[in-house]
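Presented below is the structure to which this report refers.
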């Protein structure tokens, strides 16, 4: 016999639904929108504003687990994956904390550093894939759905979260998953949790896979030099055929040694100016200090300084050469804005909406991440839109001398003059963008952030 206190509400009748749509969002390494909110609640309380009981718990979690760790997930802005999840219908959203993080807990050094998590944290790539499977099933259960003819999934990921999204597609494509010694169920971990909850799904379809700069960086060895070059043999990253459409946005200027790009073998890939989190989001506005762009002899650093100024990454007074021995170090300091990352955000939503993904585009483009009052970003967005959606040439850095040579002899009134001026303006805009918006992520003075030897990104 059951005992019920207060008003009795009978259990909801479970719906038998033909088709269900769920958005699945795998956040990046050290990205966690809930932890970012926890810091906001703490700051709100510090200003004397009143918090709800739930907000108070979050604020206390930040005080305990993140306040003294400025490199933690609590200090990051929302990534583009988090922003997209916020514009998806709430009851259909499955958001998975970024690799190395758990909501309102301390970040995991192993999870963030190696992408595995091991048994110590449960925050690695494979852990997040299983968590995604489990949470999707919980989402169905919360909505009292017990039978589904077709389950449509819209899947998004950034950084190692993009790697998790790709492994997730392989997982739900598995033919069998061992439930016990004598019984198996189709659908990998997803099939396991569906069976556990008594939910019947006849068919799973992935309508859209949206990826921001896939960096798998996965190692099962705990040492100072993890091997991130063999990830495609350790993880099933390329079984993407289940997705009806794939869009992958990558970072043209990323060149950290531990941030190799795992390319996709299907769908569309578009390369954006900027580094990893310029494309995937999560930078805050503010001062960026690169302690050691390079360590070298003073004469070589002076030449490098000139090169960085000529290519518009820095102004002369933003660079400083110091000697700490045995070599000099080139330090860079700039005040940067984060709003350029809204452009790939807008484009990912646009590409997804074309595949019937139910984003609230007004919330993304107008209400929260509006760039319409910024003439530079409006022009940059227009130029990149032609590349992403209309197959124009990529937006890349060009030397002015080469442009003048290309249009040598062209004068006002000539048929090519308009194209000449447009190309010059695009390059002027790109130089401003580099200096005021695009970050320099590689840092020889920061463990794990060192550049590749030739400053060129490794791809797999």
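Laboratory data are not the source of any read-out in this text; all were calculated from the coordinates shown. Source: prediction; values computed, not measured. Neighbour counts are summed over all protein chains in view; Cβ atoms, including those assigned to glycine, are modelled from backbone coordinates with ideal geometry.
With a cut-off of 8 Å between alpha carbons and a minimum separation of six or more residues, what is the relative contact order of the chain in percent?
Here the relative contact order equals 15 percent.
Would you mind checking the tilt of helix 375-390 against the longest principal axis of the Cα atoms of the chain, expressed as 0 to 90 degrees and rounded to 10?
Relative to the chain, helix 375-390 is tipped by roughly 70 degrees.
Based on the Cα gyration tensor of the stretch 316-460, what are the three equivalent ellipsoid semi-axes, each the root of five times an eigenvalue, rounded to whole Å and given largest first?
31, 26, 15
Relative contact order of the stretch 305-384, please, whole-number percent, based on alpha carbon pairs below 8 angstrom and at least 6 residues apart.
Here the relative contact order equals 17 percent.
Take the alpha carbon atoms of the stretch 51-84, find their center, do the same for the stretch 387-431, and report the distance between the two centers in whole angstrom.
44
Working only with C-alpha atoms, what are the Rg and Dmax values of the stretch 297-379, expressed in angstrom?
20.0, 58
Could you tell me the center-to-center distance, by alpha carbons, between the stretch 245-273 and the stretch 148-171 in angstrom?
17
Roughly how many whole Å is it from the C-alpha centroid of the stretch 24-47 to that of the stretch 350-368?
22
Rg and Dmax of the chain, Cα atoms, in Å?
Expressed in Å, the Cα Rg and Dmax of the chain come to 24.1, 94.
Could you give the angle, 0 to 90 degrees to the nearest 10, between helix 53-65's Cα long axis and the longest principal axis of the Cα atoms of the chain?
Helix 53-65 and the main axis of the chain meet at about 60 degrees.
Return the distance in nm (one decimal) between the two label points of a simple spin-label model at residue 63 and residue 197, each offset 7 Å from Cα along Cα→Cβ.
In this crude spin-label approximation the distance works out to 3.5 nm.
Determine, for 73, 441, 146, the number of other Cβ atoms within 10 Å of each Cβ, and report the residues in order from fewest to most.
The fewest-first ordering by Cβ neighbours comes to 146, 441, 73.
Per 0.36 nm of contour for each residue apart, how much would the distance between residue 373 and residue 399 grow if the chain were fully extended, relative to their Cα-Cα spacing?
Between residue 373 and residue 399, full extension yields 6.5 nm more.
With label points built 7 Å along Cα→Cβ from the Cα atoms of residue 303 and residue 459, find their separation and express it in nm.
Spacing of the two 7 Å Cα→Cβ label points: 2.8 nm.
What length, rounded to one decimal in nm, is gained on full extension from residue 47 through to residue 92, with 0.36 nm per residue of separation minus their alpha-carbon distance?
12.8 nm
For residue 244 and residue 138 in the same chain, what is the full-extension length gain: residue separation times 0.36 nm, less their Cα-Cα distance, in nm?
Extending this stretch completely gives an extra 35.7 nm.
Which percent of the Cα-Cα distances in the stretch 45-113 go past 16 Å?
Percent of Cα pairs beyond 16 Å in the stretch 45-113: 58.
Averaging over every viewing direction, what projected area does the convex hull of the Cα atoms of the stretch 18-63 cover, in nm²?
Taking a quarter of the hull surface, the average projection is 5.0 nm².
Between residue 320 and residue 390, how high is the FRET efficiency from 1/(1 + (r/R0)^6) when r is the Cβ-Cβ distance and R₀ = 56 Å? Nearest 0.05.
0.85
Give me the angle, in degrees from 0 to 90, between the Cα long axis of helix 298-310 and the longest principal axis of the Cα atoms of the chain, rounded to the nearest 10.
So the helix axis and the longest Cα principal axis differ by about 80 degrees.
Quick check on the exposure proxy: order 102, 147 from fewest to most C-beta atoms within 10 angstrom.
147, 102
I need to check one value: relative contact order of the stretch 338-437, counting alpha carbon pairs closer than 8 Å and at least 6 residues apart, in percent.
27
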